[in-house]
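Undergrad: Pasting a structure below so you can have a look.
The values are calculated or read from the model by the stated rules, or taken from the named source; none is laboratory data. Just so you know, these numbers come straight off a predicted model, no measurement behind them. Cβ placement follows ideal geometry from the backbone for every residue including glycine, while neighbour counts extend to all protein chains displayed. When the accessible area is computed, the model is the full protein with side chains, heavy atoms only, and any ligands, DNA or RNA have been set aside. Shrake-Rupley method; radii C 1.70, N 1.55, O 1.52, S 1.80 Å.
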Protein chains: 2
Amino acid sequence: MHETTPSATLSPVEIHLGERSYNIVIGGGLLGSLDSYAGLPHAKTALIVTNETVAPLYLQTLADALKGQYPVVGQVVLPDGEVYKTWATLNLIFDALLEQGCDRRTVLFALGGGVVGDMTGFAAASYMRGVPFVQVPTTLLAQVDSSVGGKTGINHPLGKNMIGAFYQPQRVICDLDTLKTLPERELSAGLAEVIKYGPIADAVFLDWIESNLDKLRARDPVALAFAIRRSCEIKAHVVGADEREAGLRAILNFGHTFGHAIEAGMGYGQWLHGEAVGCGMVMAARLSQRLGLIDAAYVDRLTRLIERAGLPVVAPVLDALDNAGRYLALMRVDKKVEAGEIKFVLIDGSGRAIVRSAPDSVVTEVIQASCRQ
Amino acid sequence: MHETTPSATLSPVEIHLGERSYNIVIGGGLLGSLDSYAGLPHAKTALIVTNETVAPLYLQTLADALKGQYPVVGQVVLPDGEVYKTWATLNLIFDALLEQGCDRRTVLFALGGGVVGDMTGFAAASYMRGVPFVQVPTTLLAQVDSSVGGKTGINHPLGKNMIGAFYQPQRVICDLDTLKTLPERELSAGLAEVIKYGPIADAVFLDWIESNLDKLRARDPVALAFAIRRSCEIKAHVVGADEREAGLRAILNFGHTFGHAIEAGMGYGQWLHGEAVGCGMVMAARLSQRLGLIDAAYVDRLTRLIERAGLPVVAPVLDALDNAGRYLALMRVDKKVEAGEIKFVLIDGSGRAIVRSAPDSVVTEVIQASCRQ
């Protein structure tokens with residue numbers, strides 16, 4: 001079916017959310033092109049938020065492009081890494097906004113990966129109770145997932161993304177050229193979120209990913225453009241139907257419940273988010289199998305694909321004495337928990353996901369089977 | 001006209017904001033009445049946020065009433081005062097939410113004055129990207145102003161309320177009995193916001209306040225109920241027309257631009273918010289006069305009323321060498337500033353307000369005239 005890749009078009013992907021609608025533009029050379037910023041809100045000041053890793057690569061290009069549109073273009077460079085997704089780092093953005101005299105019209109630009117995007121978005125949601133912002137994601141993970149959909153926030157020592165806001169950007173600008181400098185490990189982490197869209201929403205896309213995984217890992221621009229576009233389309237559809245995660249949107253968290261336990265249990269930043277999600281998808285598939293939704297062959301197929309993407313498929317032991325208990329305790333502080341019951345995203349093998357709880361005993365079996373070497 | 005006080009009815013004041021609509025109930029004995037909480041969202045847990053001063057007075061009454069509706073009723077007691085309206089204090093709420101296993105349905109109850117309400121509201125807006133909350137204001141200022149309208153937030157060292165969200169409560173419960181324990185100084189601070197509604201929106205209400213100020217200061221329950229009700233009606237009308245302060249809502253900031261400079265310049269907590277607003281209204285009236293909008297008699301009338309309410313009418317010197325410069329600098333970090341221009345709320349003497357900028361030279365004259373003994 002999708003054995004050959006449809007040519008990537010440059011028409012934007014639309015996110016339909018009424019007055020909060022916006023679009024995602026995908027293509028090469030977007031960062032330095034003035035067209036990318038046409039039609040954004042007018043203001044006296046723009047503030048670029050980025051990190052130490054991305055700044056030397058792309059900050060100047062973005063700043064130069066924005067100077068055509070904003071009289072004052074400020075910047076703030078954050079430390080790099082999930083471990084810095086904290087209030088203290090967020091406050092560096094507020095400090096910069098206030099020290100640089102930014103007002104209610106100031107437009108924030110998030111230049112970087114998911115951490116920069118999540119923190120900049122929450123800063124934009126909260127500064128003077130809300131200023132506009134634009135996502136300029138420079139990692140595959142951010143381009144296909146975190147920059148789209150309006151989830152913003154920071155971590156709390158007791159839980160990931162526990163503090164934040166639903167706050168939509170004005171635009172998402174995905175410049176494919178920024179992926180050229182992405183470390184191998186980060187590319188794999190992004191592929192985890194691309195793979196995710198197959199089992200939960202599009203069986204044909206899963207076939208396509210299987211056929212094109214080598215091209216994606218080799219950063220073939222046509223394959224990457226298609227994968228990003230299709231991922232964004234699926235996410236746009238889901239978010240458009242359920243902006244505030246009252247129902248359908250939860251399916252986007254396939255692999256994330258186990259994944260969050262891995263991230264929290266290992267300490268944020270030890271495993272990349274995408275790595276934890278990759279391994280979490282293997283665990284969620286196993287749980288789906290034990291609950292009779294899919295067969296062992298489907299679990300094997302998904303596990304092989306995740307492994308081929310360069311992602312871990314064996315879960316870490318989080319507690320030598322009571323490993324399953326530790327996983328369960330960590331999963332119980334997940335946001336999807338209601339009245340103490342963990343909600344898992346499960347798959348049925350036909351490109352559809354369902355959200356339901358599962359007996360602790362079955363979850364424990366899955367954890368034990370997944371951590372064994 | 002309103003020389004005699006209309007009897008206070010107990011029908012709620014409605015805030016019309018589409019799906020975010022809610023109502024304000026005003027009356028005696030509401031805190032301990034189960035009826036006050038009927039129809040609020042169901043949840044396994046409720047969390048009461050209050051402070052050290054209010055907790056010994058009313059926490060048990062509220063907790064007992066909520067136990068009829070929520071299986072688990074948690075609590076967190078914050079230090080009292082504007083100086084604690086910081087991220088560090090806000091984080092005590094997040095710690096309590098996470099430590100007590102609160103989920104996405106948990107309902108927060110803000111029991112206290114404006115600081116408790118603003119911080120609890122922002123915590124509710126941000127915890128898991130949004131949980132429901134209820135305002136239970138126990139000061140006059142919170143009952144007539146801060147608990148209504150959905151402005152939430154915390155202070156930043158460089159500016160008041162610079163970090164926050166527009167986030168509406170599910171209900172506002174104004175129990176008149178809680179005003180019996182309110183210190184005299186706090187009662188006066190609340191009267192500043194009551195007085196405010198006259199010059200900006202209702203000349204007849206201003207007449208009524210003048211005639212009934214002694215009753216209000218003596219805490220006559222009928223007079224207080226009417227003043228709270230009329231204040232909430234005016235605020236509800238303004239907020240319903242402009243939830244996110246794009247235009248009309250700014251008139252509610254009459255006296256607040258000068259007032260914020262006083263609060264920030266003196267150090268938060270030195271002057272109560274209402275005291276700074278009271279003095280700020282005198283300054284804004286003087287500015288209105290110098291710009292030809294009102295006559296000296298109106299300025300005198302308003303000044304006398306503010307003084308009779310027990311509020312300061314002489315502005316503090318914030319900088320011995322360049323006092324006006326210091327005021328102007330502090331006003332330039334106000335949220336209403338756009339492109340460096342300070343927006344003042346001015347009055348025309350007929351119960352209407354307008355928002356406009358003013359020449360620095362005229363503002364300087366007002367500051368000099370207002371600080372002179």
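Undergrad: Do we find a residue being within 24 Å of A:VAL238 (Cα to Cα) and touching a Lys or Arg at 6+ places or on another chain (Cβ under 7 Å) anywhere in the range A:318-334?
TA: No: the range A:318-334 contains no residue that is within 24 Å of A:VAL238 (Cα to Cα) and touching a Lys or Arg at 6+ places or on another chain (Cβ under 7 Å).
Undergrad: Determine which single condition B:ALA246 fails, assuming it passes every other condition in (1) touching a Gly at 6+ places or on another chain (Cβ under 7 Å); (2) not in a helix (DSSP H, G or I).
TA: B:ALA246 satisfies all of (1) touching a Gly at 6+ places or on another chain (Cβ under 7 Å); (2) not in a helix (DSSP H, G or I) except (1).
Undergrad: While we're on this one: When you go through (1) free of Cβ contacts under 8 Å to residues at least 24 places away in the same chain; (2) more than 25 Å from the chain's Cα centre (by Cα); (3) away from chain A (no Cβ under 14 Å) one by one for B:ASP295, which number turns out not to apply?
TA: (1)
Undergrad: Any residue at all in the range B:192-200 that is surrounded by 24 or more Cβ atoms within 10 Å (Cβ to Cβ), of a type in the set (Ser, Thr, Tyr), modelled with pLDDT of 95 or more and not assigned by TED's automatic domain parsing to the domain that holds B:GLN143?
TA: yes
Undergrad: Right, something else. What do you reckon, is B:VAL362 in contact with a Cys (Cβ under 7 Å, 6 or more places away or on another chain) and surrounded by fewer than 19 Cβ atoms within 10 Å (Cβ to Cβ)?
TA: In short, no.
Undergrad: Looking at the range A:362-372, is at least one residue within 14 Å of chain B (Cβ to nearest Cβ) and part of a loop (DSSP other than H, G, I, E, B)?
TA: Residues of the range A:362-372 that are within 14 Å of chain B (Cβ to nearest Cβ), as a first pass: none.
Within the range A:362-372, not a single residue is within 14 Å of chain B (Cβ to nearest Cβ) and part of a loop (DSSP other than H, G, I, E, B).
Undergrad: While we're on this one: Give the number of residues within the range B:322-334 that are within 14 Å of chain A (Cβ to nearest Cβ) and out of contact with any Phe, Trp or Tyr (no Cβ under 9 Å at 6 or more places or on another chain).
TA: Restricting attention to the range B:322-334, the residues satisfying the condition of being within 14 Å of chain A (Cβ to nearest Cβ) are B:328-334.
From the residues that got through so far, the ones that are out of contact with any Phe, Trp or Tyr (no Cβ under 9 Å at 6 or more places or on another chain) too are B:328-330, B:332-334.
Qualifying residue count for the region: 6.
Undergrad: For B:LEU97, only one of the following conditions fails: (1) over 26 Å from B:GLY32 (Cβ atoms); (2) buried (at least 19 other Cβ atoms within 10 Å of the Cβ); (3) within 9 Å of another protein chain (Cβ to nearest Cβ); (4) not small (Gly, Ala, Ser). What is its number?
TA: Condition not satisfied by B:LEU97: (1).
Undergrad: Shifting gears a bit: Within the bounds of the range B:261-269, is there any residue that is within 14 Å of chain A (Cβ to nearest Cβ), at pLDDT below 95 and either open to solvent by less than 60 Å² (accessible area, probe 1.4 Å) or assigned to a helix (DSSP H, G or I) (or both)?
TA: In the first step, residues of the range B:261-269 are kept if they are within 14 Å of chain A (Cβ to nearest Cβ); the result is B:264.
Retained after the next criterion (residues that are at pLDDT below 95): B:264.
Next, only the ones that are either open to solvent by less than 60 Å² (accessible area, probe 1.4 Å) or assigned to a helix (DSSP H, G or I) (or both) stay: B:264.
Yes.
Undergrad: Please go through the range B:50-61 and give me each residue that is in contact with a Ser or Thr (Cβ under 8 Å, 6 or more places away or on another chain) and under 10 Å from B:VAL136 (Cβ atoms), ordered by number. Give the steps one after another, and end with the answer.
TA: If we filter the range B:50-61 for residues that are in contact with a Ser or Thr (Cβ under 8 Å, 6 or more places away or on another chain), which is where we start, we get B:54, B:57-59.
Answer for the range B:50-61, where residues must be in contact with a Ser or Thr (Cβ under 8 Å, 6 or more places away or on another chain) and under 10 Å from B:VAL136 (Cβ atoms): B:VAL54, B:TYR58.
Undergrad: To continue, here is another question. Restricting attention to the range A:103-125, and to residues there that are open to solvent by 10 Å² or more (accessible area, probe 1.4 Å) and part of a loop (DSSP other than H, G, I, E, B), which single residue is farthest from the other protein chains (Cβ to nearest Cβ)?
TA: Per the criteria, the residue is A:GLY113.
Undergrad: A:LEU179 fails exactly one of the following numbered conditions: (1) surrounded by fewer than 24 Cβ atoms within 10 Å (Cβ to Cβ); (2) facing chain B (nearest Cβ under 10 Å); (3) in contact with a Gly (Cβ under 9 Å, 6 or more places away or on another chain); (4) of a type outside the set (Phe, Trp, Tyr). What is the number of that condition?
TA: The one condition A:LEU179 does not meet is (2).
Undergrad: Same structure, new question: Restricting to the range B:12-70, count the residues that are among the aromatic types (Phe, Trp, Tyr) and out of contact with any Lys or Arg (no Cβ under 9 Å at 6 or more places or on another chain).
TA: Filtering the range B:12-70 for residues among the aromatic types (Phe, Trp, Tyr) gives B:22, B:37, B:58, B:70.
When the remaining residues are screened for being out of contact with any Lys or Arg (no Cβ under 9 Å at 6 or more places or on another chain), the result is B:58.
So the count comes out to 1.
Undergrad: Cβ-Cβ under 8 Å, sequence separation 6+ or interchain: first residue in the range B:47-68 and surrounded by 22 or more Cβ atoms within 10 Å (Cβ to Cβ), partner among the charged types (D, E, K, R). Which pairs?
TA: These pairs meet every condition: B:ASN51/B:ASP80; B:VAL54/B:ASP80.
Undergrad: Which count do you get for residues in the range B:208-226 that are part of a helix (DSSP H, G or I), open to solvent by 20 Å² or more (accessible area, probe 1.4 Å) and under 15 Å from B:ALA309 (Cβ atoms)?
TA: To start, the set of residues in the range B:208-226 that are part of a helix (DSSP H, G or I) comprises B:208-217, B:221-226.
Still in the list and also open to solvent by 20 Å² or more (accessible area, probe 1.4 Å): B:210-211, B:214-215, B:217, B:221-222, B:226.
Pick out the ones that are also under 15 Å from B:ALA309 (Cβ atoms) and you get B:210-211, B:214-215, B:217.
Within the range B:208-226, residues that are part of a helix (DSSP H, G or I), open to solvent by 20 Å² or more (accessible area, probe 1.4 Å) and under 15 Å from B:ALA309 (Cβ atoms) number 5.
Undergrad: Can you pull out every residue in the range B:71-83 that is within 14 Å of B:HIS156 (Cβ to Cβ) and open to solvent by 70 Å² or more (accessible area, probe 1.4 Å)? Walk me through how you get there before you give the answer.
TA: Filtering the range B:71-83 down to residues within 14 Å of B:HIS156 (Cβ to Cβ) leaves B:82-83.
Hit for the range B:71-83 is B:VAL83, nothing else.
Undergrad: Hey, can you tell me all the residues within the range A:225-281 that are without any contact (Cβ under 8 Å) to a residue 40 or more places away in the chain and farther than 26 Å from B:ARG104 by Cα?
TA: The answer is A:ARG230, A:GLN270.
Undergrad: Looking for something of a type outside the set (A, V, I, L, M) and surrounded by fewer than 17 Cβ atoms within 10 Å (Cβ to Cβ) - is there at least one such residue anywhere in the range B:277-288? Break it down into steps so the answer makes sense when it comes.
TA: Filtering the range B:277-288 for residues of a type outside the set (A, V, I, L, M) gives B:278-280, B:286, B:288.
If we keep only those that are surrounded by fewer than 17 Cβ atoms within 10 Å (Cβ to Cβ) too, we end up with none.
Taking every residue of the range B:277-288 in turn, none turns out to be of a type outside the set (A, V, I, L, M) and surrounded by fewer than 17 Cβ atoms within 10 Å (Cβ to Cβ).
Undergrad: Within the range B:130-142, restricting attention to residues that are within 14 Å of chain A (Cβ to nearest Cβ) and open to solvent by 10 Å² or more (accessible area, probe 1.4 Å), which residue is nearest to B:TYR22 (Cα to Cα)?
TA: Our first condition is that a residue be within 14 Å of chain A (Cβ to nearest Cβ); within the range B:130-142, this holds for B:130-132.
The next check asks that each one be open to solvent by 10 Å² or more (accessible area, probe 1.4 Å); those that pass are B:130, B:132.
Values: B:GLY130: 17, B:PRO132: 12 Å.
Step by step, filter the range B:130-142, then rank; the result is B:PRO132.
Undergrad: For the range A:162-171, state whether one or more residues are assigned to a helix (DSSP H, G or I) and open to solvent by less than 10 Å² (accessible area, probe 1.4 Å).
TA: Going residue by residue through the range A:162-171, those that are assigned to a helix (DSSP H, G or I) are none.
No - not one qualifying residue is present in the range A:162-171.
Undergrad: Can you say whether A:LYS343 is within 13 Å of chain B (Cβ to nearest Cβ) and open to solvent by less than 50 Å² (accessible area, probe 1.4 Å), as far as the supplied structure shows? Don't jump to the end; show me each part of the working.
TA: Details: within 13 Å of chain B (Cβ to nearest Cβ): yes; open to solvent by less than 50 Å² (accessible area, probe 1.4 Å): no.
No, not satisfied.
Undergrad: Of everything in the range B:313-340, what is at pLDDT 90 or above, open to solvent by less than 40 Å² (accessible area, probe 1.4 Å) and part of a loop (DSSP other than H, G, I, E, B)? Give them in sequence order.
TA: Hits for the range B:313-340 are B:VAL313, B:ALA315, B:PRO316, B:LEU318.
Undergrad: Within the range B:149-160, can one find any residue that is among the aliphatic types (A, V, I, L, M) and within 10 Å of chain A (Cβ to nearest Cβ)?
TA: In the first step, residues of the range B:149-160 are kept if they are among the aliphatic types (A, V, I, L, M); the result is B:154, B:158.
Narrowing the set further to residues that are within 10 Å of chain A (Cβ to nearest Cβ) leaves B:154, B:158.
Scanning the range B:149-160 turns up at least one residue that is among the aliphatic types (A, V, I, L, M) and within 10 Å of chain A (Cβ to nearest Cβ).
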